[in-house]
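A short worksheet on the structure shown next.
We did not get these values from a lab; they are worked out from the coordinates using the rules stated. The shown structure was predicted, so the numbers you read here are calculated from the model rather than taken from an experiment. Don't worry about glycine lacking a Cβ; one is built from the backbone with ideal geometry, like all the others, and counts go over all protein chains shown.
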Amino acid sequence: MFKTEVLSSDRSNIEYAARLINDGEVVGIPTETVYGLAADAANETAVKKIFEAKGRPQDNPLIVHLSSVDMMDRYVCNVPELAYRLVERFCPGPLTMVLPKRDIIPDVTSAGLDTIGIRIPFHKTARDIIDACGKPLAAPSANLSGSPSPTTAQHVFEDMNGRIPLIIDGGACGVGVESTVVSFENDGIRLLRPGYVSVEDLKSIGAEVFCDKGIVEAVADGEKVLSPGMKYKHYSPKANVTLVMGSLEKFTEYVSEHNGEDVYAMLYDRDAAEYPYKYMTYGDNSEEQAAQVFGVLRKADEIGAKQVFVRCPEQNGVGLAVYNRLLRSAGFEVIKV
Ligand code: AMP
Ligand code: MG
């Protein structure tokens, strides 16, 4: 097996990454949300390598990353006025818009759909790599399919060593959870995946926002979904994850009844002083929790946890994104105490 190279985000390394991508390779790149596995979005063979490296189901479409708004019209069409209002307010940034695709984007990239998710990342290295390639990059999160998303180059290396030639290390991701995904319907916005751009943010441009029920509920077998990613078990460490909703006192009581050698709590930082059992912490507010949630889920496996009981996050602002990721890593197992 070959070893994946990990290089800094120097100019010469950015150019090296771009050469590899233009030769049809897949490279791990930093963005403000999570690390991505980037390939030329218009190169079918290269895009297939992304699916192989991740073990991603063929029907789960990729997001196409652009470096500027000017690139948009070449890849998508029939863009509603609302989308341009979102662009003005939130792009570049952690927002993905699902829009009708043009033929230049092959079916493997969109997983056979006639729409494509597009995003203009804020992260300078991500945009520099896109610019150096001179073309849009398809990039899903750089984890093995099903495991927690990577927020450091080390996380990417753990999952992708021997599967891709290069990772560009841009430090830890600031946001920490994947982009907000929206589509457009009936003059409103449908939220398909919550992220740093919150429901409240989307409403602030004067639009109606419909939250897809797949955000907080499991999708039944065979049910038609608007966002294929909703169907799959995701963000899961090897440990069993359970969300526990209620006061710290009730939470502690619940754990005392289900405690054991390999049982860990995942707490707010401020809970730790009063908590008597084994624990990890994941921040004190929604922003901190978004930045830490995936790293802490990965740490659970490192320390050999078999069961993780999580203190439930808030469900507003970016908290809804943290809640959605934890719900999914828990397989929607929530205990109210
Ligand atoms: P990831 O690439 O791992 O960040 O996941 C991308 C997410 O965006 C998945 O959940 C997809 O289902 C969703 N997505 C991407 N493209 C589309 C599309 N054309 N229509 C609906 N959802 C999409
Ligand atoms: Mg992903």
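Taking a ≥ b ≥ c as the square roots of the Cα gyration tensor eigenvalues, with a/c under 1.5 meaning rounded and otherwise prolate when a/b beats b/c, else oblate, which class fits the range 253-337? Rounded is the answer for the range 253-337, as its axis ratio a/c remains below 1.5. Based only on other Cβ atoms within 10 Å, what is the fewest-to-most ordering of Met1, Met72? The order, fewest Cβ neighbours first, is Met1, Met72. Would you work out which of Val6, Leu82, Tyr16 lies farthest towards the positive end of the dipole of the range 1-94, given +1 charges on the beta-carbon of Lys and Arg and -1 on that of Asp and Glu, about the Cα centre? Projecting each Cα onto the dipole axis, the largest value belongs to Val6.
Shape class of the range 107-224 from the alpha-carbon gyration tensor: prolate, with a/c at 1.5 or above and a/b greater than b/c.
The Rg/Rh ratio for the range 211-286 is 1.07, where Rg is the radius of gyration of the alpha carbons and Rh is the Kirkwood radius.
Phi angles across the range 93-99 convert, under the Karplus curve 6.51 cos²θ - 1.76 cosθ + 1.60 with θ = phi - 60°, into 3J(HN,Hα) values of x, x, 10, 10, 10, 8, 9 Hz, Gly and Pro given as x. Here the convex hull built on the C-alpha positions of the range 18-67 has a volume of 86 cubic angstrom per residue. Annotation: the residues Asp159, Asp59, sorted from fewest to most other C-beta atoms within 10 Å of their own C-beta, follow the order Asp59, Asp159. Between the listed residues Leu191, Asn161, Tyr275, the Cα displaced farthest toward the positive end of the dipole of the chain, a dipole computed from Cβ unit charges relative to the Cα centre, is found at Asn161. Of all DSSP-defined beta bridges confined to the chain, some 40% are antiparallel rather than parallel. Excluding same-chain neighbours fewer than eight residues apart, the lysines reachable from Lys203 by a Cα-Cα span under 24 Å are Lys213.
Pairwise Cα distances in the range 230-272 exceed 14 Å for 57 percent of all pairs. Remark: the chain carries a charge dipole of roughly 420 debye about the Cα centre, counting +1 on each Lys and Arg Cβ and -1 on each Asp and Glu Cβ.
Distant-in-sequence amide contacts of Asp284, defined by a placed amide H-H separation under 5 Å and a gap of 5 or more residues or a different chain, comprise Asp269, Gln289. Start at zero, step by 10 Å, and the Cα-Cα distances of the chain spread as 6, 26, 34, 23, 9, 2 percent across the bins. Largest first and in whole Å, the equivalent-ellipsoid semi-axes of the range 161-236 read 27, 20, 10, each the square root of five times a Cα gyration tensor eigenvalue. Between the helical axis of 124-133 and the longest alpha-carbon principal axis of the chain there is an angle of about 30 degrees. Placing +1 on the Cβ of every Lys and Arg and -1 on the Cβ of every Asp and Glu, with nothing else charged, gives the range 231-270 a dipole about its Cα centre of roughly 380 debye.
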